[in-house]
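Student: Take this structure, written in structure tokens, and hold onto it; I'll ask about it next.
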Amino acid sequence: MEWVDRLVSATEWTAEPGACDWSDTERSLGACLPADFKEMRRRFAPWGAFSDHVLLLEAQGDTESVLARHASLTSSMRGNPDNRRLFEPFGILGMDDGHREKGLVPWG
């Protein structure tokens, strides 16, 4: 992925790429995550952080994983439905709005 290579070069990142198995995460979400996101997370192992401003979430984990953040977001959306408008027109993946198979997934 050319742009991931360019990002690695621009940041002068030198750590070895990690290994991530996204199959459980994708199965739980019921959706495939973008290949470029997964490659970026693999290449920027082990932390996946950019100056503490952007943290690429992990495949597995208690708090810093895609599934944990997605569960937290959907829980807060159910607790305060007015927050749904923040994600219009896309919505959040898995929310009960008639389009469960479409929507955003937090990745960072």
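Student: When the dipole is taken about the Cα centre of the chain, and only Lys, Arg (+1) and Asp, Glu (-1) are charged at their Cβ, what size is it in debye, to the nearest 20?
Tutor: It comes to approximately 300 debye.
Student: Let me ask something additional. Would you please give the FRET efficiency between A15 and S51, computed as 1/(1 + (r/R0)^6) with r the Cβ-Cβ distance and R0 = 22 Å, to the nearest 0.05?
Tutor: 0.90
Student: Ignoring everything except DSSP H segments at least 4 long, calculate the 222 nm mean residue ellipticity for the chain; use -39,500 (n - 2.57) per segment, divide by total residues, nearest 500.
Tutor: Value at 222 nm, helices only, nearest 500: -11000 deg cm²/dmol.
Student: So who's got an amide H within less than 5 Å of the one on A49, skipping anything under 5 residues away but keeping other chains? H placed 1.01 Å off N, in plane.
Tutor: L56
Student: Tell me which of M77, L56, G18 sits at the most positive position along the dipole axis of the chain, charges placed on C-beta atoms (Lys, Arg +1; Asp, Glu -1).
Tutor: Farthest along the dipole direction, towards plus: M77.
Student: Checking a compactness column here: for segment 2-87, what do you get for Rg(Cα) / (2.2 N^0.38 Å), N being the number of residues?
Tutor: Normalised Rg, Cα atoms only: 1.23.
Student: Using each residue's phi in segment 19-27, evaluate 6.51 cos²θ - 1.76 cosθ + 1.60 at θ = phi - 60° and report the 3J(HN,Hα) Karplus result to the nearest Hz, with x for Gly and Pro.
Tutor: Residue by residue, segment 19-27 yields 10, 10, 9, 8, 4, 5, 4, 5, 5 Hz.
Student: For the chain, what relative contact order do you get, as a whole percent, if you take Cα pairs closer than 8 Å and at least 6 residues apart?
Tutor: 21
Each reported figure results from applying straightforward, stated rules to the coordinates on display, with no laboratory input. All of these numbers come straight from a predicted model, not from anything done at the bench. Note that we place each Cβ from the backbone using ideal geometry, even for glycine, and neighbour counts take in every protein chain shown.
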